[in-house]
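The block underneath contains the structure these notes are about, expressed in structure tokens.
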There are 2 protein chains.
Amino acid sequence: MRFNLEQLRAFSLSVEKGSFSAAARAMGKAQSAVSTSISNLELDLGLMLFDRSRREPTLTAAGEALLPQAQALLQQANLLAGRADAMAAGEEGRLSLAVEESLIGDALEDLLVRFEQAFPQLELELLNPARMDIIKLVQQGRADLGVLVSPFEVDEGYHLKPLKQMAMITVVGSQHPLAGQLLPSFDELYNHRQLLLTSRAGKVLPDDQLSNRVWKVESQYALIELAKRGLGWAWVPQHMAEPWLADGSLQMLHFESGGDLIHMPVDLIISPKYKEGNAGQWLYRELSELAFLV
Amino acid sequence: MRFNLEQLRAFSLSVEKGSFSAAARAMGKAQSAVSTSISNLELDLGLMLFDRSRREPTLTAAGEALLPQAQALLQQANLLAGRADAMAAGEEGRLSLAVEESLIGDALEDLLVRFEQAFPQLELELLNPARMDIIKLVQQGRADLGVLVSPFEVDEGYHLKPLKQMAMITVVGSQHPLAGQLLPSFDELYNHRQLLLTSRAGKVLPDDQLSNRVWKVESQYALIELAKRGLGWAWVPQHMAEPWLADGSLQMLHFESGGDLIHMPVDLIISPKYKEGNAGQWLYRELSELAFLV
DNA sequence: CCAACCTATACATAAAACAGATAGATACTA
DNA sequence: TAGTATCTATCTGTTTTATGTATAGGTTGG
């Protein structure tokens, strides 16, 4: 490496300010420092960057060609410095967040937009695995944080912070035999096919399965599509079902015994390997206020 | 600017080689130099980059996050150095080449691919103005080099190097009254509409206009399209007309007096402001061998 | 021709980078 | 467990580099 960043800064500033002297003033240095700095840069590069035949130096063709690259380099150096500052101030360098599919939607996307504004330097990885897979990823440390509906006992290998609760409803497609009925109890569901979220490995959450006939689907969206086509009943988040309830392609089931709305706790789970930083704290605060949680 | 490029190089190499000592060996420096260099970098950034609790230093989370940025910075510095070297060795920093539309095609694109391989650092600007506009751009220095069919006397304001010649033919659409005829002489064209290339300012090359009825078109491709629809006759480069002659949508006109093929000189014109470099020489050499020129 | 600006350079000095040496820690091996 | 090799941090003196001051000389515009 022949040149150094101070030389490039002198180069860039000299062009910007119009003279070596002005650049020196801007840098808080003596004019001679800038002058020799640029001379050395020219020697290092083997090129004349400025034409000094007139009072104020003007760029040569070579200088013209290299200036944008030098500026890009300086900008990247500033980014690096900024990122280091942010991290020194307690921001994580990168953050891997695994969010269950059923929580994704406009509200979460808005949140992420605000997240980007608050932590522009941070490298975010957003994963959308199935519910059971989130737990595994966080336990392994592959993901720092996970957000998921959690109808289970606290397990080993992660910390947990409760968020609010998500309203779940029971739905069927409009042509399904149960559509439009008022059911005496949940038991009625027993003999109809249930559409069930599954992990990639085929695991299902303990309390999820009610029916003796199930189809397992990995994606919440695919699950809703199957329900719309009348292939079974399913428990789905209310906010995800709403557009289809509105256009009639899905119908909500009601029960005499009550329990039309089931509130499932949503939790933030935290990898033991994750060291909390500002971004994580911000996320916890904001996730606690997610619009569709009650 | 707090850190410097040597420190980043030490950082990157230490990760790559696995130890400060190995990095020092690779850099041809003493181990103490690398050790203090990295210590200073850590102080500058306000972050620990390495965990030194074991024999060989391992990256901290912060180091892990910043390494890619540091490497990107170094790579960009190398690009800058490489470009400077190339320019010191006589390569232009950037080159603006204006090529007449009728010369564009597979042969020229192949040439540009080879150009990119020969001069990967170089910043190329490729303009495709109409014929008359090329001359203006080169005269103004807006383009360094121009390539164009040049049926004109040498003008002021540029240098000229002749290339080979391009075969021009006279064509009409298949439904045109002249289609398929053997014409006694060019005079027969006089009373049919001519489709003529024009510059953006409406200028036409002196000898181009033969007919007393003309439509002027700015693009060679548009011109051929109009000819295909029988709207007039046109002089076009043989290599551009060939696909349409083959499928019958254009017909070539033949003359008893001969002159079915007119060979127009193609020239490279050079801006007075342009200082020839390796890339320009290469282009002149290769353009002289362009496949469709004879 | 002068005032106001610019650059390059000489020179002295302060700051930084560096190699060499050394001490202490860690890992591997016998 | 002792021995060897390799590692890092740090001290020390030296060399190199960066910088400010001072100065000489050039360009521009009134």
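Copy-to-copy spacing for A:Thr36, label 7 Å out on the Cα-to-C-beta vector, in nm, shortest first?
Output for A:Thr36: 2.1 nm, nearest copy listed first.
Would you kindly derive the ³J(HN,Hα) couplings of region A:50-67 from the backbone phi angles with the Karplus curve 6.51 cos²θ - 1.76 cosθ + 1.60 (θ = phi - 60°), listing them in order in whole Hz, with x for Gly and Pro?
Taking θ as phi minus 60°, the curve returns 10, 9, 9, 6, 10, 4, 9, x, 10, 5, 7, 4, 5, x, 4, 6, 8, 3 Hz for region A:50-67.
Please report, in Å, the Rg and the Dmax of region B:238-294, where both are computed over Cα atoms only.
Computed over the Cα atoms of region B:238-294, radius of gyration and Dmax are 17.0, 48 Å.
Taking the label point 7 Å from Cα in the Cβ direction, how far apart in nm is B:Asn278 from each other copy of itself, listed shortest first?
Copy-to-copy label distances at B:Asn278, shortest first: 4.7 nm.
Could you work out, residue by residue across B:54-66, how many beta carbons of other chains sit within 10 Å of that residue's beta carbon, and then give the average as an integer?
3
Given that compact globular proteins tend to follow 2.2 N^0.38 Å, what is the ratio of the alpha-carbon Rg of region A:120-268 to that value?
1.11
Could you line up B:Val294, B:Val266 from fewest to most neighbouring Cβ atoms inside 10 Å?
B:Val294, B:Val266
Taking neighbour Cβ counts within 10 Å as the exposure measure, how do A:Ser288, B:Ser37, B:Ser257 sort from fewest upward?
B:Ser257, A:Ser288, B:Ser37
Place the label 7 angstrom along Cα→C-beta at A:His159 and in each other copy, then list the distances from the first to the rest in nm, shortest first.
7.3
Output ³J(HN,Hα) for region B:89-105: one whole-Hz value per residue in order, computed from phi by the Karplus curve 6.51 cos²θ - 1.76 cosθ + 1.60 with θ = phi - 60°, and x for Gly and Pro.
Running phi through 6.51 cos²θ - 1.76 cosθ + 1.60 with θ = phi - 60° gives 7, x, 7, 5, x, 8, 9, 10, 10, 9, 10, 4, 4, 5, 9, 7, x Hz.
Name the long-range amide H neighbours of A:Leu250: under 5 Å, sequence gap of 5 or more, or other chain; modelled H, no Pro or chain starts.
Long-range HN contacts for A:Leu250: A:Leu245.
For the pair B:Glu125 and A:Arg2, how long in nm is the line joining their label points, each one 7 Å along Cα→Cβ?
Label-label distance for B:Glu125 and A:Arg2, simple model: 2.7 nm.
What list do you get for A:Trp233, B:Trp282, B:Trp235 if you sort them by fewest beta carbons within 10 Å? Can you show the working numbers first?
Working: A:Trp233 25, B:Trp282 16, B:Trp235 22.
Placing the least packed residue first, the sequence is B:Trp282, B:Trp235, A:Trp233.
Is there a simple number for the mean count of other chain Cβ atoms within 10 Å of the Cβ of residues in A:71-78, and what is it?
Partner Cβ neighbours, averaged per residue: 4.
Residue by residue through region A:158-165, which ³J(HN,Hα) values in whole Hz follow from phi under the Karplus form 6.51 cos²θ - 1.76 cosθ + 1.60 (θ = phi - 60°), with glycine and proline marked x?
Values per residue, Gly and Pro as x: 6, 9, 9, 10, x, 9, 8, 10 Hz.
Given the options A:Gln181, A:Gln69, A:Gln238, state which has the largest fluctuation in a GNM of chain A using a 10 Å cut-off (strictly under) for Cα springs.
Among A:Gln181, A:Gln69, A:Gln238, the largest mean-square fluctuation in the Gaussian network model of chain A belongs to A:Gln69.
Regarding region B:5-88, what is the average projected area of its C-alpha convex hull, in nm²?
About 5.7 nm², averaged over all directions.
Which distance in nm do the two modelled labels at A:Glu64 and A:Glu225 give, with both placed 7 Å along the Cα-to-Cβ direction?
Inter-label distance under the simple model: 5.6 nm.
Taking amide H positions as placed 1.01 Å from N in the peptide plane, with prolines and chain starts having none, which residues 5 or more places from A:His263, or on another chain, fall under 5 Å of its amide H?
HN-HN under 5 Å from A:His263: A:Met168.
If one takes the longest principal axis of the Cα atoms in chain A, at what angle in degrees, from 0 to 90 and to the nearest 10, does the Cα axis of helix A:106-118 lie?
With rounding to tens, the tilt is 20 degrees.
Let me have the 222 nm mean residue ellipticity of chain B computed from DSSP H runs of 4+ only, each contributing -39500 (n - 2.57), with the sum over all residues rounded to the nearest 500.
Working: 9 runs with 115 residues, N = 294.
Using -39500 (n - 2.57) per qualifying helix, the result is -12500 deg cm²/dmol.
Calculate the mean, over all residues of peptide A:80-87, of how many other protein chain Cβ atoms lie within 10 angstrom of the residue's Cβ.
6
Using only Cα atoms, figure out Rg for chain A and give it as a multiple of 2.2 N^0.38 Å.
1.55
Working only with C-alpha atoms, what are the Rg and Dmax values of the protein assembly as shown, expressed in angstrom?
Expressed in Å, the Cα Rg and Dmax of the protein assembly as shown come to 35.8, 102.
Which residue, A:Glu116, A:Glu56, A:Glu242, has the most motion in a Gaussian network model of chain A that connects Cα atoms within less than 10 Å?
A:Glu56
Among B:Arg52, B:Arg142, B:Arg229, determine the one that fluctuates most according to a GNM of chain B built with springs between C-alpha atoms less than 10 Å apart.
Evaluated over chain B, the most mobile residue of the options is B:Arg52.
Here, each number is a calculation from the coordinates, and none is a lab measurement. Bear in mind the structure is a predicted one, so any value in this text is a computation, not a measurement. Cβ: placed from backbone, ideal geometry, glycine included. Neighbour counts: every protein chain shown.
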